[in-house]
1. So which residues in segment 128-150 are under 19 Å from K76 (Cα atoms) and either of a type in the set (F, W, Y) or in a strand (DSSP E or B) (or both)?
2. Residue check, D123 against (1) surrounded by 17 or more Cβ atoms within 10 Å (Cβ to Cβ); (2) of a type in the set (D, E); (3) under 13 Å from the mean Cα position of the chain (by Cα), all met but one. Which one?
3. Out of all the residues in segment 118-148, which are touching a helix residue (DSSP H, G or I) at 6+ places or on another chain (Cβ under 7 Å) and small (G, A, S)?
4. Residues in segment 78-96: is at least one of a type in the set (G, A, S) and either on the phi > 0 side of the Ramachandran plot or surrounded by 16 or more Cβ atoms within 10 Å (Cβ to Cβ) (or both)?
5. If you scan segment 1-40, which residues turn out to be touching a residue at least 12 places away in the same chain (Cβ under 8 Å) and either among the basic types (K, R) or farther than 26 Å from I137 by Cβ (or both)?
6. If I go through segment 142-176 residue by residue, how many of them are over 33 Å from the mean Cα position of the chain (by Cα) and hydrophobic (A, V, I, L, M, F, W, C)?
7. Step by step: first the residues of segment 41-54, then only those that are touching a residue at least 60 places away in the same chain (Cβ under 8 Å) and of a type in the set (A, V, I, L, M, F, W, C), then the one that is surrounded by the most Cβ atoms within 10 Å (Cβ to Cβ). Which residue is that?
8. Can you say whether Y125 is touching a Ser or Thr at 6+ places or on another chain (Cβ under 9 Å) and in a helix (DSSP H, G or I), as far as the supplied structure shows?
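The values are calculated or read from the model by the stated rules, or taken from the named source; none is laboratory data. Everything numeric in this text was worked out from a predicted model, so none of it was measured. Using ideal geometry, Cβ is built from the backbone for each residue, glycine included, and neighbour counts are taken over all protein chains shown.
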Amino acid sequence: MDVIETGFNEILQKIDDMKKKEAILSEEVKTHDGKLLGRMGSSARPVVKSVGLNLLKIGKQDTKNELYDANYYTSKMIILGKTDPAEFRPDNPAKKITDQFCVLSEEGKFFELMYSSDGFITDSYLNSIEPESAIEIYGYDIMIMLYQAMHDYLKAEKELIEALDKVIGYIFARKQ
């Protein structure tokens, strides 16, 4: 066997070993995915507080389906995912769910936000959910969305700081 063939066989063996290790590590991550999502949510609290929205709690609908007399949740939230709605709301089985979202609150907690509408009133139910259950219902997309939101926020902050630095440099005639 020559040197090239020996080296090639060693590379193949390393690839095989890496694939085995990847499978083991992937399974380990999947085993603790809820814990990871929970920690990500907790770490994202300042960002949610800064960029989150006050989502609709309840509102009346006029004849053109426009909302008025709207009332919003006081806690800011970001929407991470959407799923096919359950049949009815846990707080009132008579209310059919029209839209169902996974949200992260500024407190770092995950919720299902369930909207119902009877044609006159649109109201919601905020159902607390554990990170593990959120992954089961909404999939890994919510983890990716949370990561993407954090990434985009960091990028925007970096661009803002760079722009402010240029403005300050211009004001004080500093060379960039």
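1. Our first condition is that a residue be under 19 Å from K76 (Cα atoms); within segment 128-150, this holds for 128-131, 134, 142-143, 145-150.
S128, I129, Y147 - these are the residues of segment 128-150 that are under 19 Å from K76 (Cα atoms) and either of a type in the set (F, W, Y) or in a strand (DSSP E or B) (or both).
2. Against the list (1) surrounded by 17 or more Cβ atoms within 10 Å (Cβ to Cβ); (2) of a type in the set (D, E); (3) under 13 Å from the mean Cα position of the chain (by Cα), D123 comes up short only on (3).
3. A134
4. Taking segment 78-96 as the starting set, the residues that turn out to be of a type in the set (G, A, S) are 81, 86, 94.
Those left that are additionally either on the phi > 0 side of the Ramachandran plot or surrounded by 16 or more Cβ atoms within 10 Å (Cβ to Cβ) (or both): 81.
Checking segment 78-96: at least one residue is of a type in the set (G, A, S) and either on the phi > 0 side of the Ramachandran plot or surrounded by 16 or more Cβ atoms within 10 Å (Cβ to Cβ) (or both).
5. K35
6. Within segment 142-176, the subset over 33 Å from the mean Cα position of the chain (by Cα) is 167-176.
Keeping just the survivors that are hydrophobic (A, V, I, L, M, F, W, C) gives 167-168, 171-173.
Residues that pass the stated criteria total 5.
7. Across segment 41-54, the extreme among qualifying residues is V48.
8. No; evaluated as a whole, the condition is false for this residue.
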